[in-house]
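First up is the structure itself, then whatever we jot down about it.
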Amino acid sequence: MTLAELPLRIVPPQVLYARRPHRMLERQWIVNRRGGWMIVLSGFFEPLFYLLSIRAGFGSLVGDVTVGGREIPYAEFVAPALFASSAMNGSVYEATNIFFKLKYEKTYDAVLATPMTSGDVALGEMLYAAIRGTLYAVTFLLTMWLLGMTSSVWAIAMVPVATLIALAFSAVAIAATTYMRTWADFEYVPSVMLPMFLFSATFYPLSSYGDWQWIVQLSPLYHGVAVVRGLNQGEFAWSYVAHLGVLAAMAVIGLTLTARRIDRLLLK
């Protein structure tokens, strides 16, 4: 097998031959023009309130923290992690919306009656969720800049990383949503996201976890946090390649599983 043939083995044909995912984005744009933007904006405020509380009060009580032998203000330590969490929240909130479209609105039954395919649906929904997560992250980064919590011009590179975080989490969240049977299953979403948010080196340096560091490193969010925190400080390391690789693998696996699940649920 040559290197050129590798994508054909990894990515399923449903996704590989998707030609019209932009039509799903076009549909969502039409929905949002009729008032859907309020839903998009709602998920941004939780991490923003965290950011303001740390900048205005809690950060001054903690003082500086030591990361990699370098002392930085606590607010600047936490802000990039909240930035990554904002991208995750935005994409996951949007991704889980497919449950209603799949089970009750029957949106995808109508879509698949057209020339569009399951790959178009999976890729289109994933891209829209990622766009929502990226919008959250961009607004969050602007807030960080206004509050003086960016330490380097390389902080702008946090935006494409946020897009990758959003793609990774949206793909996995959409795939997981296809397995949900009732609204009660949505209780699993915060039960997974909240521990991930709290224990991904979000509020404490990785070294503070002692022998339990390996558990923190299992968190997908940690890999995004590690990269954006370094970029905010203008630092670069080869370890970022591995962190970004984990997020990219999540995106591919989630997208693959989603396309196959839609095929199984609606076409067979």
Checklist entry - Cβ-Cβ below 8 Å, separation at least six or inter-chain, first residue in the range 121-133 and of a type in the set (Asp, Glu), second assigned to a helix (DSSP H, G or I): which pairs? => result Glu125/Met24; Glu125/Ala95; Glu125/Ile98; Glu125/Ser170; Glu125/Ile174; Glu125/Thr258
Checklist entry - Would the range 147-156 turn up any residue that is outside any loop (DSSP other than H, G, I, E, B), open to solvent by less than 10 Å² (accessible area, probe 1.4 Å) and β-branched (Val, Ile, Thr)? => result no
Item to check | Candidate set from the range 257-268 (those that are outside any loop (DSSP other than H, G, I, E, B) and surrounded by fewer than 20 Cβ atoms within 10 Å (Cβ to Cβ)); member that is nearest to the chain's Cα centre (by Cα) | outcome: Leu257
Checklist entry - Can you find even one residue in the range 97-105 that is of a type in the set (A, V, I, L, M), open to solvent by 30 Å² or more (accessible area, probe 1.4 Å) and either at pLDDT below 85 or touching a Ser or Thr at 6+ places or on another chain (Cβ under 9 Å) (or both)? => result no
Checklist entry - Which one of these does Ala129 not meet: (1) open to solvent by less than 20 Å² (accessible area, probe 1.4 Å); (2) in a helix (DSSP H, G or I); (3) over 23 Å from Met196 (Cα atoms)? => result (3)
Checklist entry - From the residues in the range 40-86 that are under 24 Å from Leu247 (Cα atoms) and aromatic (Phe, Trp, Tyr), which one is modelled with the lowest pLDDT? => result Phe44
Item to check | Residue list for the range 136-146, filter: open to solvent by less than 40 Å² (accessible area, probe 1.4 Å) and either more than 18 Å from the chain's Cα centre (by Cα) or more than 15 Å from Leu82 (Cα to Cα) (or both) | outcome: Thr143, Met144
Next on the checklist: Scan the range 162-182 and tell me whether some residue there is open to solvent by 70 Å² or more (accessible area, probe 1.4 Å), on the phi < 0 side of the Ramachandran plot and either assigned to a helix (DSSP H, G or I) or in contact with a Cys (Cβ under 7 Å, 6 or more places away or on another chain) (or both).
Outcome noted: no
Checklist entry - Does Ala226 count as modelled with pLDDT of 90 or more and farther than 20 Å from Gly254 by Cβ? => result yes
Checklist entry - Which one of Thr107, Thr150 is touching a Lys or Arg at 6+ places or on another chain (Cβ under 9 Å) and either of a type in the set (Ser, Thr, Tyr) or without any contact (Cβ under 8 Å) to a residue 12 or more places away in the chain (or both)? => result Thr107
Checklist entry - Does the range 231-239 include one or more residues that are open to solvent by 60 Å² or more (accessible area, probe 1.4 Å) and of a type in the set (Asp, Glu)? => result yes
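The values are calculated or read from the model by the stated rules, or taken from the named source; none is laboratory data. Bear in mind the structure is a predicted one, so any value in this text is a computation, not a measurement. Cβ atoms come from the backbone with ideal geometry, glycine included; neighbour counts cover every protein chain shown. Ligands, DNA and RNA are stripped out before the accessible areas are found, and what is left, the full protein with its side chains, is counted by its heavy atoms. Shrake-Rupley method; radii C 1.70, N 1.55, O 1.52, S 1.80 Å.
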